[in-house]
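Accompanying notes for the structure given below.
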Amino acid sequence: MTTPTAPDSMYRNDEGLGIWEHRGKVAAVGVGHGPTSRRWDGRAETCVGAITIDALRKAIDDAGVAPDQIDGLVVVPVTTTGAFWEAGKPLPMDVIQSFNQTDDPLDGIAKLSAEWLLANMPELTNVQFTMYGPGCMSNALNVTAQAVGDGLTHTCLVVKSWHNFEGRYYQGGANAGNAIPGTPAITQLWGGPASYSTALQFAEYCRRYGKTHEMMAPFMENSRRNGLRFPEGYWAQHRPEELIPEDYLASRWIAKPANLFDNDIPIMMSGAYLFSTAERAQDMKQKPVYILNHASSNTRPRSLLPTLDEVEADTARTGRKIYEGAGISADDLSFENMYDGFSLFHQFHLEGLGYRGIKFGEALDFYQTDISIEGPNPVSPSGGNVGSGRSRVWMHTDCIQQLQGRAGARQVTGVKPEVGVSGGPMPLGGNYTVWSASPD
Amino acid sequence: MTKQGVEPDSLSQPFWDAANEKRLVIQNCVDCDRLQHPPSDSCRDCDEGAELEWKQVSGRGTIYNYGVVHDCPVRLLQEDQPFNLAVIMLDDDPGIQMYSHLPGVPVDEVPVGAAVEVIFEPSANGQLVPEWRVIED
């Protein structure tokens, strides 16, 4: 079986599509996470393939289904955090030989194929549908929801995992060389780090609306606070430290105005979910969480970097698509879990959604109010990547668990959890899911 | 600041050849008469079969935005940290952006909105690279 990449037709990129045809007919039930770690320690049991199997088995167990009931698997094949297996570096043969391999020896170590997972999960005897949702979990969730709704699979696992190796982030490969090819040179020769583009959008935002970087501090503090209540998160597991405003504001710059904490920490982790039809989900162990819509943005900037005008136009368009397909309005959102890695663009997502009625230029003022899980306006109750490390998964897990009423210490108490939204990553170019406690 | 050397490839060869002649050229779609940068194999706005050309531009622009890089992933630039990294909008088409280290401008004292003009600086392998300097009043 060769796994195809999801076709463009599976994503809902356009406005005017109306209510999603499978609204309320697809549900998420099971959740599973592998352990987090800062970097791979070289052991077979901690490689990205192993932690992925762990996450998938936990999701299956959490949903309470027998493995042979599962007929679908959606995978994000790219697992790098920005760390790559250097050309010429000896392969870890002991690790490779610990698993059933595909024809790529780095499968399960620096990437992940559906074939590798199926070869190493013999209990998945009835998987007939596999597909790649490249990018991040947000993409894969859109693909999974559409696949279940379309009847391509009825009980489907979806997984996103990350590997992280020794060495500085993005500092190997071409960046370490004395020369680079001419086409990438046009964008990369000047040496901007990964957060540079977001930093510039934030700088323009501050100039236009008279805001400051200091105004981010309550959001950062709140996100870490929520993240420390996420037992599977990196900070909760390894460094249970609050992030107070003084420490946030005193941290070193990466690309001013983005500082160290504005850049999510790269980690190893895996997150998995089990999706099914709303009908089948009724018989599973956890309460179903219904998908009201999925929406995507494939907008690209005109030139090198998105301008603030481009960002605001596209986040507003994304908000309209999200609401149109779900048949809801901003007033129906109990909470939001939009992406935050990098932290300096979370406000763009909020303003595009019009969350709690905020308009362009108002989100940083909103951060100065009560945005806690105990209040009436919870912001990022998952804590996101700021609160638990780079996964692009926490936001989705939190939506499911909040609506199931099993978010534990993160459970929102200031609002009744009925509808949530999550997704990202970037303000231009992202994938979003609307979750609901009810199919209606 | 000495940037990494550049090894022109088929797509970018005209851009870098022009730079070595101290000319700034930007890819243009003949069909929709629209500049695009970075270059691509096809027009990003009209059909994929559209004819593309390289168009010389004035070499004048405006500083649109900037950040200060303190933690650069490119090894050759790390000894120059922190440094300005600005985005220039071309006068010929403000939708077209180019990067600049703004040689001569003190770190974090970038005059956003100021007029700039293109200059050409040698990279590590001698290939000339477009850079920008502030036009004094």
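The values are calculated or read from the model by the stated rules, or taken from the named source; none is laboratory data. Everything numeric here is computed off the predicted structure, so don't read it as measured data. Because the Cβ atoms are built from the backbone with ideal geometry, glycine has one as well, and the counts that use them run over all protein chains shown. All accessible areas refer to the heavy atoms of the entire protein, side chains included, with ligands and DNA or RNA removed. Shrake-Rupley method; radii C 1.70, N 1.55, O 1.52, S 1.80 Å.
Go through region A:279-305 and report how many residues are in a helix (DSSP H, G or I) and among the small types (Gly, Ala, Ser).
The total comes to 1.
From (1) acidic (Asp, Glu); (2) farther than 30 Å from A:Leu260 by Cβ; (3) open to solvent by less than 30 Å² (accessible area, probe 1.4 Å), pick out the condition that doesn't hold for B:Glu131.
It is condition (2) that B:Glu131 fails.
Do we have A:Gly227 as open to solvent by 30 Å² or more (accessible area, probe 1.4 Å) and within 27 Å of A:Gly375 (Cβ to Cβ) here?
no
Taking region B:26-35, which residues are within 15 Å of the chain's Cα centre (by Cα) and open to solvent by 10 Å² or more (accessible area, probe 1.4 Å)?
The one that is within 15 Å of the chain's Cα centre (by Cα) and open to solvent by 10 Å² or more (accessible area, probe 1.4 Å): B:Leu35.
What number of residues in region B:21-36 are in contact with a Leu (Cβ under 7 Å, 6 or more places away or on another chain) and within 12 Å of chain A (Cβ to nearest Cβ)?
2
Among (1) of a type outside the set (A, V, I, L, M); (2) open to solvent by 30 Å² or more (accessible area, probe 1.4 Å); (3) in contact with a helix residue (DSSP H, G or I) (Cβ under 6 Å, 6 or more places away or on another chain), which single condition is A:Thr79 missing?
(2)
Given the criterion within 14 Å of another protein chain (Cβ to nearest Cβ) and either closer than 24 Å to B:Pro38 by Cβ or open to solvent by less than 10 Å² (accessible area, probe 1.4 Å) (or both), identify the matching residue among A:Gly167, A:Gly135, A:Gly173.
Being within 14 Å of another protein chain (Cβ to nearest Cβ) and either closer than 24 Å to B:Pro38 by Cβ or open to solvent by less than 10 Å² (accessible area, probe 1.4 Å) (or both) holds for just one of A:Gly167, A:Gly135, A:Gly173, which is A:Gly173.
Residue check, A:Ser195 against (1) at positive phi; (2) within 14 Å of chain B (Cβ to nearest Cβ), all met but one. Which one?
For A:Ser195, the failing item is (1).
Looking at A:Met426, A:Met395, which is the one that is free of Cβ contacts under 8 Å to residues at least 60 places away in the same chain and at negative phi?
Selected residue: A:Met395, the only one of A:Met426, A:Met395 that is free of Cβ contacts under 8 Å to residues at least 60 places away in the same chain and at negative phi.
Name the residues in region A:308-323 that are in contact with an Asp or Glu (Cβ under 7 Å, 6 or more places away or on another chain) and either open to solvent by 50 Å² or more (accessible area, probe 1.4 Å) or within 14 Å of another protein chain (Cβ to nearest Cβ) (or both), would you?
Selection gives A:Leu308, A:Arg317, A:Arg320.
Answer yes or no: is there a residue in region A:99-121 that is more than 30 Å from A:Asn385 (Cβ to Cβ), in contact with a Lys or Arg (Cβ under 9 Å, 6 or more places away or on another chain) and at pLDDT 95 or above.
There is no residue in region A:99-121 that is more than 30 Å from A:Asn385 (Cβ to Cβ), in contact with a Lys or Arg (Cβ under 9 Å, 6 or more places away or on another chain) and at pLDDT 95 or above.
Which one of these is open to solvent by 70 Å² or more (accessible area, probe 1.4 Å), among the small types (Gly, Ala, Ser) and in the same structural domain as A:Ser372 (by TED's automatic domain parsing): A:Ala236, A:Ala217, A:Ala250, A:Ala258?
A:Ala250
Within the group B:Asp71, B:Asp41, which residue is among the acidic types (Asp, Glu) and in the same structural domain as B:Val129 (by TED's automatic domain parsing)?
Unique residue meeting the criteria: B:Asp71.
Name every residue in region A:84-105 that is among the small types (Gly, Ala, Ser) and either open to solvent by less than 40 Å² (accessible area, probe 1.4 Å) or over 29 Å from the mean Cα position of the chain (by Cα) (or both), in order of residue number.
If the condition is that a residue be among the small types (Gly, Ala, Ser) and either open to solvent by less than 40 Å² (accessible area, probe 1.4 Å) or over 29 Å from the mean Cα position of the chain (by Cα) (or both), then A:Gly88, A:Ser98 are the ones that fit.
Any idea which of A:Gly192, A:Gly167 is closer than 30 Å to A:Ala44 by Cα and in contact (Cβ under 8 Å) with a residue 24 or more places away in the chain?
The match here is A:Gly167.
(1) polar (S, T, N, Q); (2) surrounded by fewer than 21 Cβ atoms within 10 Å (Cβ to Cβ); (3) in contact (Cβ under 8 Å) with a residue 24 or more places away in the chain: which one isn't true of B:Ser42, the others all being true?
Unmet for B:Ser42, out of (1) polar (S, T, N, Q); (2) surrounded by fewer than 21 Cβ atoms within 10 Å (Cβ to Cβ); (3) in contact (Cβ under 8 Å) with a residue 24 or more places away in the chain: (3).
Looking only at region B:51-88, filter to residues that are open to solvent by 10 Å² or more (accessible area, probe 1.4 Å) and of a type in the set (A, V, I, L, M); which one of those is farthest from A:Ala255 (Cα to Cα)?
Applying the filter and picking the extreme gives B:Leu52.
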